[in-house]
Amino acid sequence: MAEPWFDELAELIAIPSVSADPARAEDVGRAAEWLAGFVRGAGGSAEVVPTDTQPLILGELPASNGARATVLVYGHVDVQPPDPLELWDSDPFTLEERDGWLYARGVVDDKGQLYMLAKAAAELHAAGELPVTVRFACDSEEETGGHQIVDFLAADERGADAAVIFDSGMTRRGVPEFSVATRGVIYFHLTVRTGARDLHSGLFGGAALNALHALNESLAAVRAENGRLPEPLRQGIAAPSDEERAAWAELVPGEEMLAEAGARPDDLEAAEEFYLRTTAEPALDVHGIIGGSPVLLKTVLPVEAEANLSIRLAPGQDVETIAAAVEKLLRDAAPAGAELELARLSSAAAGLVPPDAPAVQLGLEAFERAMGRRPLLVRSGGTLPIVPALVDKGIPTIVTGFATPESNIHSPNERLLAEYMPLGIETAKELYRRLAALEH
């Protein structure tokens, strides 16, 4: 017999709200309307707000008995494309439970986890026991890197006593984690030109500039050595706390993380420093290079070469400062005569939540009571633009979740441990109860 929440979640899951597919625009809107309707059906108010891209879902479920603390809930109702469909063992948009797992696209990222927060608030409100006002500020374009929710929060003057995001997970089952920091990112496109036209390598090789050589010389100047980028790219790093460092020892060892990913260590210290390098240090990677002909037998000196590269910013670092430092290093290393054009394609700031913030400490207590284990304080190596947006507004943010390494996020057969759905709902209830202490 299905759990009471199963049919509700199945309705939301059944909407193929793939924001990356223009043909699914109507479905994205339907998913937004579903969430707004759920909040209204629970006794709150909600609206779907159109934007230039995908809609926002804004709503509020008032506290019972006039409590004054406000908790802002963020999540997203859009999902990744389900392709390749032939690798799914069941229909991606039909919620199915088998062998102790819930399978469906979005059951983890992020419909299922957002549902936990919404359902917990609804059940507390129905019982007349909701101890905080829950404000929903959700979007439907997270999977395509949209910015509408960030723009909304920047303009919203209401604020909140805390924010809660269930959109991550835990490295080990039963050991919850709070991400108290996220890395930022700056993405560049670099073009190098060294002449008017490609040249015959027999006639000009050794005398004329080769654009690929020049590109490689520039890129070598921003390469990390032993896991550390050049000092100009390390400006502003906020060092991890002793508690965060201690938490790394309780995570899956770096050697296992690399091995399970089929990756080869960058150097001898990479495995030991895995979490330091992937969450607390900046990292620069070249994503692609083009120039000349890597396929045809073509003996030319190419005069144009291009590369895509990005740098993940450590918490504490400033986008503009590091962008300028990247450009200076690239230009200074280029050989005389090479012309460099550096275009910034996108950027997002790093986020850092004070681990000693009262909201975070109350959240740790809530999870410990509900799950029997105090969460580890960790950092996320990825980028979540909403975190710095909330921190900039003075809203301490709890970023956590119930995904596990086997959850297949963004892959076929996305899945959530079935026991984690009711556990997540009960944990969210306890979280709201504890955060009521923030009443001002």
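The values are calculated or read from the model by the stated rules, or taken from the named source; none is laboratory data. None of the values given here were measured: they were computed from a predicted structure. Glycine also receives a Cβ, built like all others from the backbone with ideal geometry; neighbour counts cover every protein chain displayed. Heavy atoms of the whole protein, side chains included, go into the accessibility calculation; ligands, DNA and RNA do not. Shrake-Rupley method; radii C 1.70, N 1.55, O 1.52, S 1.80 Å.
For region 92-101, how many residues meet the condition of being open to solvent by 50 Å² or more (accessible area, probe 1.4 Å) and either part of a loop (DSSP other than H, G, I, E, B) or touching a residue at least 60 places away in the same chain (Cβ under 8 Å) (or both)?
3
Go through (1) surrounded by fewer than 18 Cβ atoms within 10 Å (Cβ to Cβ); (2) among the β-branched types (V, I, T); (3) touching a Lys or Arg at 6+ places or on another chain (Cβ under 9 Å) one by one and return the number of the condition T278 breaks.
The single condition T278 does not satisfy is (1).
Hey, can you tell me all the residues within region 144-180 that are over 30 Å from P422 (Cβ atoms) and touching a helix residue (DSSP H, G or I) at 6+ places or on another chain (Cβ under 7 Å)?
V150, L153, A154
Is it true that some residue in region 71-91 is in contact with a strand residue (DSSP E or B) (Cβ under 6 Å, 6 or more places away or on another chain), open to solvent by less than 10 Å² (accessible area, probe 1.4 Å), in a helix (DSSP H, G or I) and under 28 Å from L431 (Cα atoms)?
There is no residue in region 71-91 that is in contact with a strand residue (DSSP E or B) (Cβ under 6 Å, 6 or more places away or on another chain), open to solvent by less than 10 Å² (accessible area, probe 1.4 Å), in a helix (DSSP H, G or I) and under 28 Å from L431 (Cα atoms).
Can you name the strands (runs of 3 or more DSSP E) wholly within region 319-414 that have at least 2 residues being of a type in the set (D, E)?
Per the criteria, 339-348.
Just to be sure before I move on: is A32 surrounded by fewer than 23 Cβ atoms within 10 Å (Cβ to Cβ) and either touching a Leu at 6+ places or on another chain (Cβ under 9 Å) or over 19 Å from G128 (Cβ atoms) (or both) in the structure I sent?
no
Going through P82, P131 one at a time, which residue ends up being modelled with pLDDT of 95 or more and touching a Pro at 6+ places or on another chain (Cβ under 7 Å)?
It is P82.
Would you confirm, using the coordinates I've provided, whether V222 is of a type in the set (A, V, I, L, M), in a loop (DSSP other than H, G, I, E, B) and under 26 Å from T191 (Cα atoms)?
So V222 fits the description; yes.
Do the conditions hold for G43, that is, is it more than 20 Å from F166 (Cβ to Cβ) and assigned to a helix (DSSP H, G or I)?
When the stated conditions are applied, G43 does not pass them.
If you check every pair at least six apart or on different chains, which have Cβ atoms under 9 Å apart with a residue in region 71-89 that is more than 26 Å from A121 (Cα to Cα) and touching a residue at least 12 places away in the same chain (Cβ under 8 Å) first and a residue that is aromatic (F, W, Y) and assigned to a loop (DSSP other than H, G, I, E, B) second?
Cβ pairs passing all conditions: P82/W88; P82/F93.
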